[in-house]
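Below is one structure; the comments refer to it alone.
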């Protein structure tokens, strides 16, 4: 069972939240029906959903266990009746029920987390160590990924350099061809052979450019 003090503290916070919602201070010392009815319903739900003792419930509202017991009996009587007072009790019961059930589920869930941690050893230390291991594994994976990316960039840079070097040679060959053509040192057969070689070079350059 979750620490008793924790449950009482959470229950007190819920009562404060409900007081704000309905604009009625449920912990105020008063016998006015406006406050007594919703307060009794809270007694009932604290007992039914959170399994608090009469003394625990009384400590939240600064009431003795006899007052709490009387309130519980009053709710039991009114749950199935059809007069105006009973309908008011039933209205508050319906309005508050989900909030108390949600708190009960939260407490059960947190108990489950505590039990899980305990089965793994020292709950806090084991959790911290597990997180550290997971973090280290993530860092190692990240470092390996960075290393692979850097190697790829290095290979890519070398390929780019080679391409630029080849392109420069192609451009130089093309320019030389044009220069030689302009001074007419070649026969027609020479021109055709040179033209064929230049076209091959140009095609190769286009292939590299495409890649």
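Quick check on the stretch 65-84: of everything there that is surrounded by 13 or more Cβ atoms within 10 Å (Cβ to Cβ) and farther than 18 Å from residue 33 by Cβ, which residue is modelled with the highest pLDDT?
69
Can you tell me which residue is surrounded by the most Cβ atoms within 10 Å (Cβ to Cβ) among those in the stretch 1-13 that are touching a helix residue (DSSP H, G or I) at 6+ places or on another chain (Cβ under 8 Å) and under 17 Å from residue 63 (Cα atoms)?
Residue satisfying both the conditions and the ranking: 11.
Give the residues of the stretch 23-56 that are in contact with a helix residue (DSSP H, G or I) (Cβ under 7 Å, 6 or more places away or on another chain), part of a helix (DSSP H, G or I) and free of Cβ contacts under 8 Å to residues at least 40 places away in the same chain, sorted by residue number.
Matches in the stretch 23-56: 39, 43, 47, 54, 55.
Of all residues in the stretch 69-100, count the ones that are farther than 13 Å from residue 11 by Cβ and within 43 Å of the chain's Cα centre (by Cα).
So the count comes out to 16.
The values are calculated or read from the model by the stated rules, or taken from the named source; none is laboratory data. All figures in this text were calculated on a predicted structure; none of them were measured in a lab. Every residue, glycine among them, receives a Cβ derived from its backbone with ideal geometry; neighbour counts consider all protein chains shown.
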